[in-house]
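The values are calculated or read from the model by the stated rules, or taken from the named source; none is laboratory data. Please read these numbers as outputs of a predicted model, since none were measured by experiment. Note that each Cβ is placed from the backbone with ideal geometry, even for glycine, and that neighbours are counted across all protein chains shown.
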């Protein structure tokens, strides 16, 4: 017994013993001697004893000792509230006791501690409690206090409530370094990297002192943006103020150079750290992995193991090939096995990284199994699974999982939002997209460049180009290259070639450099608007002004531009002069142009090459068969159909989706499975009757040649888009736009049918097919019959 000889000692003696106690057992003995020496009511001694108990994570003992104190002072309440921060609701109970069972008034420390306890808490309703505590702090006069303000900014950022965090920050008259660091860190954690840089610039402009923590956080944001020039400026700043060789700054610089593809400099920086800690090792391992240098990352991992360090979950995450998963399925499985052996797979970060890799490798069932088995699902876990479904084209599962997340009251962040908007864009779910837009406004994500870009992309792909453009204009100078590409591509999809070219010219003047995707989007827009000369000018600029080496898709776009415009010989000449071997994309574009212009001779040339290059693609056989049928060469058309049958090649079945009152309805050709099938077919008959009265004749030229004309009419009459439009007329309000999505290119008869329906019903009908948008109004289509 270490206190056996103690007879009567004063406060200082026991405080010293408490300070140097090494175990909980020692503390128990000291507590007994405190009771023996009649110091149980000495506030200072008891406070130190409770603090030390909390240091040992003996919360039950700390609460028990607290309960024996007759009149605890505010300092002791604050100590217990702070000490219970890992159990926020226990901390809240102590706070309530302070309010309702004493005459004491909470101070700024009380509020900063209790708010910090709820910061990042995953318990349901934690964000709402945090907001109530914010209200308490304002009423008590601490709304703009530095300590309270810093805690509030951190709490709101942890719940991805960026707008609230900004509001608190802006309400602090003179924010200190800690408050600035907190807002910058919160923005980085929420993937608001551009905004974090803007805030840092504001900090520098206001001459606020920054420290190594500021620079490390800023560098981590710059690393995610992969802006090496900005990173080197921050590095120079670190040199100037003497922070460059701080270990955590060097570690962030390692991440910066690694993520910008310069592992040589990253390795040199790693060598500057005299004794690299685990965090530095993790940064370097991750750096090699994210540059597809898996062998070097594995070597360094082995070195780390032999050095005696105990690897952490961050080490494993850095080792998992998230950025270059392709070709590394076996490595991923080995790492997964290692994780299971050491129970790392139960860690949410590790589980999330593995989920991401499996999703990117199309092993979506493995990914979902990991997600379901994860004992602690963080926001990043939900984002990885939602994004995985979106990337694999499983849009309905994406949206379903998002709804499940919403039911659990888990707050989304910009990463979640961009994934959901991507799914809405793929599915054409405008209603859900608009709901997500409202959520973005509510959560204050509008200023995030990635969210705004995803919104623009969603609106353009859901047929609402007029709603996309104001969002684009509102972004001002914040647009990045992806934003410009989204707007150009959107105009191209809608057949607005001139507008696409105008946006491209504005992009060139803005100083944002184009990418291969930019040129592809502009060429596509020219193709669907018949802008031959403009397309040729852009292609020339791609090569000679910007030094790009055109890829197959750029060449295919030029073939399409020439072919659609009827310049088939020029298109063939262009293909023959290509510096690379023409592939299915180029020959496929030529075959499509032959269909438009009914050129069977060139179609045979193009299809011959396509049957060699891609013999299993049934679409080319069907297209050539249709060309023969158009030219009344039914024998050859029949022969081709027999080849398809003999080879067991399956044509992708046509289907059309329409969203009504938030629910998606999918139709296939001749579909009678819908609950309202009877009403749909009745509506279709009424429409046909009215249309024939104003001159409609079905286009049956590509239908099977060996059936009667009346039967051909019946075959094309029940195409999926016709059924979807009839259903829309039944279900939607008078005058409401009808929007449908077709998985294939809209056929000649359905295009004609939709024009007539728009005229006789006075409806606007928006159709998204496999190639572009068609807006039908008053008997006309936005494509000008050029598609």
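Might you let me know whether the range 207-220 holds any residue that is more than 25 Å from residue 291 (Cα to Cα), within 18 Å of the chain's Cα centre (by Cα) and not in a loop (DSSP other than H, G, I, E, B)? Reasoning before the result, please.
Taking the range 207-220 first, the residues more than 25 Å from residue 291 (Cα to Cα) are 207-214.
From what is left, the residues that are within 18 Å of the chain's Cα centre (by Cα) are none.
Looking for residues that are more than 25 Å from residue 291 (Cα to Cα), within 18 Å of the chain's Cα centre (by Cα) and not in a loop (DSSP other than H, G, I, E, B), one finds none in the range 207-220, hence no.
Return yes when residue 323 is more than 26 Å from residue 425 (Cβ to Cβ) and without any contact (Cβ under 8 Å) to a residue 60 or more places away in the chain and no when it is not. So residue 323 fails the test.
Restricting attention to the range 645-667 and to residues that are touching a helix residue (DSSP H, G or I) at 6+ places or on another chain (Cβ under 6 Å) and surrounded by fewer than 19 Cβ atoms within 10 Å (Cβ to Cβ), the residue that is modelled with the lowest pLDDT turns out to be 649. When we screen 207, 203 for residues that are in the same structural domain as residue 237 (by TED's automatic domain parsing) and out of contact with any helix residue (DSSP H, G or I) (no Cβ under 6 Å at 6 or more places or on another chain), the only hit is 207.
Condition check for residue 158 on (1) in contact with a helix residue (DSSP H, G or I) (Cβ under 6 Å, 6 or more places away or on another chain); (2) closer than 12 Å to residue 116 by Cα: one failure, at (1).
Give the range 169-187 a look and list any residue that's over 15 Å from residue 444 (Cα atoms) and part of a helix (DSSP H, G or I), or say none.
Step one: list which residues in the range 169-187 are over 15 Å from residue 444 (Cα atoms), which gives 171-182, 184-185.
Correct list: 177, 178, 179, 180, 181, 182, 184, 185.
Residue 445 falls short on exactly one of the conditions (1) surrounded by 23 or more Cβ atoms within 10 Å (Cβ to Cβ); (2) modelled with pLDDT of 90 or more; (3) closer than 28 Å to residue 163 by Cβ, and that condition is (2).
Results for (1) closer than 19 Å to residue 213 by Cα; (2) surrounded by fewer than 21 Cβ atoms within 10 Å (Cβ to Cβ), shown as yes or no for each residue.
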{"residue": "132", "(1), (2)": "no, yes"}
{"residue": "136", "(1), (2)": "no, yes"}
{"residue": "159", "(1), (2)": "no, no"}
{"residue": "162", "(1), (2)": "no, no"}
{"residue": "166", "(1), (2)": "no, yes"}
{"residue": "173", "(1), (2)": "no, yes"}
{"residue": "182", "(1), (2)": "yes, no"}
{"residue": "185", "(1), (2)": "yes, no"}
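Looking across the range 388-426, not a single residue is crowded, with 23+ Cβ neighbours inside 10 Å and in contact with a strand residue (DSSP E or B) (Cβ under 8 Å, 6 or more places away or on another chain). Residue 642 meets the conditions (1) more than 36 Å from the chain's Cα centre (by Cα); (2) surrounded by 15 or more Cβ atoms within 10 Å (Cβ to Cβ); (3) at pLDDT below 85 in every case but one. The failed one is (2). Look at the range 338-367: where a residue is at negative phi and a partner is outside any helix (DSSP H, G or I) and loosely packed, with under 15 Cβ neighbours inside 10 Å, sitting 6+ places away or on another chain with Cβ atoms under 6 Å, you get 346/375; 348/376. Set side by side, the residues 80, 49, 74, 92 differ, and just one is buried (at least 20 other Cβ atoms within 10 Å of the Cβ) and more than 16 Å from residue 24 (Cα to Cα), which is 80. The condition of being surrounded by fewer than 17 Cβ atoms within 10 Å (Cβ to Cβ) and part of a loop (DSSP other than H, G, I, E, B) holds for only one of 39, 99, 103, that being 103. The single condition among (1) at pLDDT below 95; (2) farther than 19 Å from residue 269 by Cβ that residue 178 does not meet is (1).
The residue that is surrounded by the fewest Cβ atoms within 10 Å (Cβ to Cβ), counting only those in the range 542-553 that are touching a residue at least 12 places away in the same chain (Cβ under 8 Å) and closer than 17 Å to residue 505 by Cβ, is 546.
Report whether or not residue 122 is touching a residue at least 60 places away in the same chain (Cβ under 8 Å), part of a loop (DSSP other than H, G, I, E, B) and surrounded by fewer than 19 Cβ atoms within 10 Å (Cβ to Cβ).
Details: touching a residue at least 60 places away in the same chain (Cβ under 8 Å): yes; part of a loop (DSSP other than H, G, I, E, B): yes; surrounded by fewer than 19 Cβ atoms within 10 Å (Cβ to Cβ): yes.
Spelling it out, residue 122 is indeed touching a residue at least 60 places away in the same chain (Cβ under 8 Å), part of a loop (DSSP other than H, G, I, E, B) and surrounded by fewer than 19 Cβ atoms within 10 Å (Cβ to Cβ).
Restricting attention to the range 778-787 and to residues that are modelled with pLDDT of 90 or more and assigned to a loop (DSSP other than H, G, I, E, B), the residue that is farthest from residue 746 (Cα to Cα) turns out to be 778. Please tell me if residue 529 is modelled with pLDDT under 95, under 29 Å from residue 782 (Cβ atoms) and not in a helix (DSSP H, G or I). For residue 529, the condition - modelled with pLDDT under 95, under 29 Å from residue 782 (Cβ atoms) and not in a helix (DSSP H, G or I) - is met.
Among the residues of the range 682-698, those identified as touching a residue at least 60 places away in the same chain (Cβ under 8 Å) and either closer than 15 Å to residue 723 by Cβ or in a helix (DSSP H, G or I) (or both) are 687, 690, 691.
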